[in-house]
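K.L.:
Below is the structure I would like to discuss, written out as C-alpha cells.
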Amino acid sequence: MVKSQDMPYENSPDGLIKHVINEKMDTAECCVDGYMQFLKPGEASGKHRHLSEELVFVLEGTGYDLHWDVKFECFDKFEWEWEEEPKKFEWKAGDFVYIPPYCAHQHFANQNTEARFLCITSRIVKAMGFDWFDQLEVAEGYEG
C-alpha cells in the first residue's frame, strides 16, 4: 500500500505529475509504473513517445489527446514512420484512453476546466533493455 502523502510530485517535462508507483518508490509491484497528471485549464502536457503501451483513465475535467500513430517494419533494424497529421480523441471524466506502443501523444485540457488523469505503463519493456522514450516537446513552463 502506498499512502497519498508518500507519492512524490514532480515538475516533469510532461508537466506536473504525482508518482503513484514506480521503481524508485520501493513498493511490492515490479511490472507497472503509474502517475497522476495534472493540467490547468487550457494547458497541454509535453509531447512524447515510448515503446510501452499506456493506459490513461480520466479522473476529472475535459480535454483531448492528439496521437501520431507509427508505422514500422522490422528487418535487420527497425524502420519507423510517424503520421504527419495526428488523430484527435476528446475525453471527459470517466473515460479511458489507450495509447499504443511508440505512438507520439500529447494531452490537452479544455479552456474551462482543470484535468486530472491516471497513467499506467508497463515496466517489463524497460527491464528487458528496451527503454525507448523520446521527449519531443516539453510542457510550457518546464525548466529542467
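The values are calculated or read from the model by the stated rules, or taken from the named source; none is laboratory data. A quick note: this is a predicted structure, and the numbers were derived from the prediction, not measured. Note that we place each Cβ from the backbone using ideal geometry, even for glycine, and neighbour counts take in every protein chain shown.
K.L.:
Hey, could you check segment 93-118 for residues that are in a loop (DSSP other than H, G, I, E, B) and of a type in the set (Ser, Thr, Tyr) and say which is surrounded by the most Cβ atoms within 10 Å (Cβ to Cβ)?
P.N.:
Residues of segment 93-118 that are in a loop (DSSP other than H, G, I, E, B), as a first pass: 93-95, 100-103, 110-114.
Pick out the ones that are also of a type in the set (Ser, Thr, Tyr) and you get 102, 113.
Numbers: TYR102: 21, THR113: 16.
This residue is TYR102.
K.L.:
Can you tell me which residue is nearest to GLU140 (Cα to Cα) among those in segment 49-84 that are acidic (Asp, Glu) and at pLDDT 95 or above? Even if it seems obvious, please write down each step before you answer.
P.N.:
Initial filter on segment 49-84 (acidic (Asp, Glu)): 53-54, 60, 65, 69, 73, 76, 79, 81, 83-84.
Adding the requirement that they be at pLDDT 95 or above leaves 54, 60, 65.
Details: GLU54: 22, GLU60: 21, ASP65: 16 Å.
Result: ASP65.
K.L.:
Which of the strands (runs of 3 or more DSSP E) found entirely inside segment 19-92 contain at least 2 residues meeting this: within 18 Å of the chain's Cα centre (by Cα)? Break it down into steps so the answer makes sense when it comes.
P.N.:
Working: elements: 32-39, 47-50, 54-60, 62-68, 70-74, 78-82, 87-92.
Those strands (runs of 3 or more DSSP E) span 32-39, 47-50, 54-60, 62-68, 87-92.
K.L.:
Okay, moving on. When both residues are 6+ apart or on different chains and their Cβ atoms are under 9 Å apart, which pairs have a first residue that lies in segment 1-15 and is under 20 Å from HIS107 (Cβ atoms), and a second that is in a helix (DSSP H, G or I)?
P.N.:
Once the first residue is under 20 Å from HIS107 (Cβ atoms) and sits in segment 1-15, its partners that are in a helix (DSSP H, G or I) give MET7/MET25.
K.L.:
May I ask you to list pairs of residues, at least six apart or on different chains, whose Cβ atoms are under 6 Å apart, with the first in segment 133-144 being assigned to a loop (DSSP other than H, G, I, E, B) and the second being among the acidic types (Asp, Glu)?
P.N.:
ALA139/ASP14
Here's the yes/no breakdown for (1) more than 27 Å from ALA127 (Cβ to Cβ); (2) of a type in the set (D, E, K, R):
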site: PRO41; (1), (2): yes, no
site: GLU53; (1), (2): no, yes
site: ASP69; (1), (2): no, yes
site: PHE75; (1), (2): no, no
